[in-house]
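Notes for the one structure printed next.
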Amino acid sequence: MGLFDKLAAWLGLKKEVNVLCLGLDNSGKTTIINRLKPSNAQVQDIVPTIGFSIEKFKTSSLSFTVFDMSGQGRYRNLWEHYYKEGQAIIFVIDSADKLRMVVAKEELDTLLNHPDIKHRRIPILFFANKMDVRDALSSVKVSQLLCLENIKDKPWHICATDALKGEGLQEGVDWLQDQIKTMRT
Amino acid sequence: MSSVDSSTDGGRWLDAHYDPVAGLYTFSSCVDLADLSGDGESRLVVGDLGSGSSGMKLKVYRGTALMSESTLLDLPAGLVAFFMDLHEPRIPAVAVASGPCIYVYKNLRPYFKFTLPSLEVNTLEQDVWQQVREGQIDPLTLKEMLEGIRKKADVPLSVRSLRFLSLEPDDMDEFVQLHKQQPIRRQTVITCIGTLKKSTADEDGVSCLVIGTESSDVFILDPEAFIILSKMRLPAAPTMMDVTGQFDVEFRITVACRNGNIYILRRESDKPKYCIELSSHPVGLVRVGKNVTVGCTDESLQGFTQKGKRLWKTVLAAPITTMAAMDLPTRGFQAVLVGLANCEVQLYRDKNLLSTIKTPDVVTSICFGRYGREDGTLIMTTKGGGLMVKILKRTATFDDRDSAPGPPLAQSVRLNVPKKTKLYVDQTLRERENGLAMHRAFQMDLSRLRLAAAKAYVKALESSLTPMSSSLTEPLKMNAVVQGLGPSFKLTLNVQNTAACRPVMNLAISFLYDESLYRMRNSYLRIPLLVPGLIYPFETFVECTSDKGISDIIKVFILHEGKSCPLLTAHINMPVSEGLMLN
């Protein structure tokens, strides 16, 4: 960390980072973002997102601006318009929806092959959500089904999470924060 | 798009799930998709016919897993999910038609059983059985009397009497003892079932059940009280139906019948309004918009308007196993999925083939709609009991290309033909005016040419200028090879006697050449006896004496001793000597 960064941290000014939150509908994107916000700003009822919404939260050293995109099929073509701005991607997967794992893989492949993403070393954090559901797949199985081992040119990390209880989220956000910091220096 | 894309599925479908041993044996009429728990996730409801006469089950799938199954009493003829009331949350009921009954399930529990009204019984038959009950006639007399009734009566016999008539005489007594106390009833069975919105066209509006029966009737049932709202009569037993509209406003029921015709019923009348007479029996009936697509046993797919006018017909590669509609309202896309016996599922929009899906087994049922949370899901079950789920890609497109055979595209491209010149016009006029004279002149020249060619040929034959001798006594063949770069050449003559068995004797070879140009060691060779079939090479050496780089022809004659006319003549074009004179 440079001297200016130290000074900025001391003054309480945090670096702004734009993060895209993507994933199929009903995978828990809004619930995860809601969990990451400070407890006094959290909302109780989560409704399906229309279009997208912008949320902000802070970690120890970074200030995150999250584009919480709608995952519904008819809104998924909006995603690519925000790829340029995004400095990191959070991809949420419903581990209990085995049937639509192929759809998630398809959307991920489209994302990774998009010209705005393909040649950038942009960190991708995967949340294998809904671990509380009885017959949910493990995070290892999810990464197998999505063929994550084929992502060679970008740092990625997968976390098993339960957004309803907030389990596993912090680990993922810590990883993302480290990645963004190492990319800047 | 290339033709490759239309012959395969072109990567438009994602393979979500395939279980080849799911043990699902069913047809398209017994498969439906419905949000059975009101949580926004559609389930797959299947009336499983089982194997043999047992194992009929009502199965419900959620995602890739079987969620529940309950035993059915009889083979299901049709299955529909429908909203029967206005209660919240909006959870549809499932109606399973089997035998003469409709079993209605709510929340996957048996809720109501509706039985079709029994049919009129033949009074004569009733009297006969009455006499049996009173012990007045024995089984053999009963058999005779029933057979008499069967031949004459307008009202058919009951199932019990028909069963009795098919028995062996030994079993008759027991059968009569067992059944004679019960009254005779004649019951029909359901052949097909559909739903019809009652008063609103809403997605979750209350629907009436529409049922077709073996007795050639169509009933419309009230969803709450299960009373018959309307009864319509058909000329034959229905096998498949499609219903559209609302009961209280206007509706249209398209019914394919066992006599190979399709009838269209309307609200006002209890008789068919229109009739489509097909050339072969229908095996699939799908409505797309206002038109009806019918698959027939003669491996054809035909399109009709709602008034029964045929729009098109297309021939398929294999017999049809099943058909279903593919309707994607969010994209405004409607098409027909056709399962074929050659393990393919083809997608047709009108008569145009859009895409072909290859399947590992013959598909027996197809259902397209919202499954789970995915709108474009294609569910297929196979002959071997497999379950296959495919999801349409978000980015998939189907181009509407007319696949009918016709002139290729290149043919309609205009060529850059130059304008007609004055010369061209003059020539054309001249040709038109003097056509006869020009033709005659051409024919005369052609005849002269032929005559000249024939003369030359005869001359060649007469002077034995050819390398083949066709004389009967000495049939010979010869070819000559020149080897070397010069000034020395080796000349090899291959002579063959082509006669069947007669040898040739007393032959000689003589050369004729320009002596100022060539020198030959011996210009006269004697040929020994020629055995038929063998090739005899004769070699001689020629030296070119000139260094001016010119060449000439050497003539070779094969002669018979005592005759001056040669048998064969060959002209050898000598190559130009490329070497230097050594001496």
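Data overview
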{"read-out": "Gaussian network model of chain A, springs between alpha carbon atoms under 10 Å - residue of A:GLN170, A:GLN42, A:GLN72 with greatest fluctuation", "value": "A:GLN42"}
{"read-out": "Candidate lysines for bridging to B:LYS151, where Cα separation is under 20 Å - those fewer than 8 sequence places away on the same chain excluded", "value": "B:LYS143"}
{"read-out": "FRET efficiency estimate (nearest 0.05) - Cβ-Cβ, B:GLN130 to B:GLU168, R0 25 angstrom", "value": "0.50"}
{"read-out": "0 to 90° range, to nearest 10: angle between helix B:435-462 axis and chain B longest Cα axis", "value": "60"}
{"read-out": "Number of partner chain Cβ atoms within 10 Å, mean per residue of A:102-113", "value": "3"}
{"read-out": "Per-residue ³J(HN,Hα) for segment B:70-81, Karplus 6.51 cos²θ - 1.76 cosθ + 1.60, θ = phi - 60°, Hz, x for Gly and Pro", "value": "9, 6, 9, 7, 9, 4, x, 9, x, 9, 9, 9"}
{"read-out": "Pairwise FRET efficiency - B:THR498 versus B:ARG450, Cβ, R0 = 51 Å, nearest 0.05", "value": "0.95"}
{"read-out": "Charged-residue dipole, Cβ positions (Lys, Arg, Asp, Glu), segment A:23-135 about Cα centre, Debye nearest 20", "value": "280"}
{"read-out": "Cα centre as origin, Lys/Arg/Asp/Glu Cβ charges: segment B:476-573 dipole, Debye", "value": "300"}
{"read-out": "Segments B:220-228, B:37-45 sorted - mean Cβ within 10 Å per residue, highest first", "value": "B:37-45, B:220-228"}
{"read-out": "Shielding by partners - mean other protein chain Cβ count within 10 Å, residues of B:366-378", "value": "3"}
{"read-out": "DSSP bridge pairs, segment A:16-183: antiparallel proportion in percent, nearest 5", "value": "25"}
{"read-out": "Additional length obtainable on full extension of the chain from A:ASN18 to A:ARG121, 0.36 nm per residue less Cα span", "value": "35.6 nm"}
{"read-out": "Listed residue pairs exceeding 25 Å between alpha carbons, taken from A:LYS130/A:LYS152; B:LYS106/B:LYS358; A:LYS130/B:LYS106; A:LYS118/B:LYS393", "value": "A:LYS130/A:LYS152; B:LYS106/B:LYS358; A:LYS130/B:LYS106"}
{"read-out": "Neighbour-count order for B:MET172, B:MET478, fewest beta carbons within 10 angstrom listed first", "value": "B:MET172, B:MET478"}
{"read-out": "Rounded, prolate or oblate (a/c below 1.5 giving rounded, otherwise prolate when a/b exceeds b/c) for the protein assembly as shown by Cα gyration tensor", "value": "oblate"}
{"read-out": "Signed unit charges on C-beta, dipole axis of segment B:174-215, positive-most listed residue B:THR213, B:LEU178, B:SER199", "value": "B:LEU178"}
{"read-out": "Amide proton proximity set for A:LEU22, modelled H, under 5 Å, gap of 5+", "value": "A:ILE90, A:PHE91, A:VAL92"}
{"read-out": "Test item: A:91-101 mean partner chain Cβ contacts at 10 Å", "value": "4"}
{"read-out": "Angle between chain B longest axis and helix B:422-433 axis [Cα atoms, degrees, rounded to 10]", "value": "90"}
{"read-out": "Phi to ³J(HN,Hα) by Karplus 6.51 cos²θ - 1.76 cosθ + 1.60 over segment B:203-211, Hz, x for Gly, Pro", "value": "4, 10, x, 5, 10, 8, 8, 10, 10"}
{"read-out": "Relative exposure of B:ILE137, B:ILE276, judged by other C-beta atoms within 10 Å (fewest first)", "value": "B:ILE137, B:ILE276"}
{"read-out": "Listed residue (B:THR382, B:LEU392, B:PHE333) projecting farthest to the positive dipole end of segment B:255-393, Cβ model", "value": "B:PHE333"}
{"read-out": "Only Lys, Arg (+1) and Asp, Glu (-1) charged, at Cβ; chain B dipole about Cα centre in debye", "value": "2340"}
{"read-out": "Cut-off under 5 Å, modelled amide H: who pairs with B:SER355 long-range", "value": "B:LEU347"}
{"read-out": "For segment B:146-161, 3J(HN,Hα) per residue [Karplus equation, 6.51 cos²θ - 1.76 cosθ + 1.60, θ = phi - 60°, Hz, x = Gly/Pro]", "value": "5, 5, x, 5, 4, 6, 9, 5, 7, 8, x, 6, 6, 4, 4, 5"}
{"read-out": "Rounded if a/c under 1.5, otherwise prolate or oblate - segment A:21-135, Cα gyration tensor axes", "value": "oblate"}
{"read-out": "Ranking of B:VAL288, B:VAL60 by count of other Cβ atoms within 10 Å, fewest first", "value": "B:VAL288, B:VAL60"}
{"read-out": "Angle between chain B longest axis and helix B:123-133 axis [Cα atoms, degrees, rounded to 10]", "value": "70"}
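Any read-out appearing in this document is the output of simple, stated calculations on the displayed coordinates, not a laboratory observation. The shown structure was predicted, so the numbers you read here are calculated from the model rather than taken from an experiment. Heads up, the Cβs are rebuilt from the backbone with ideal geometry, glycines too, and the neighbour counts pull from every protein chain shown.
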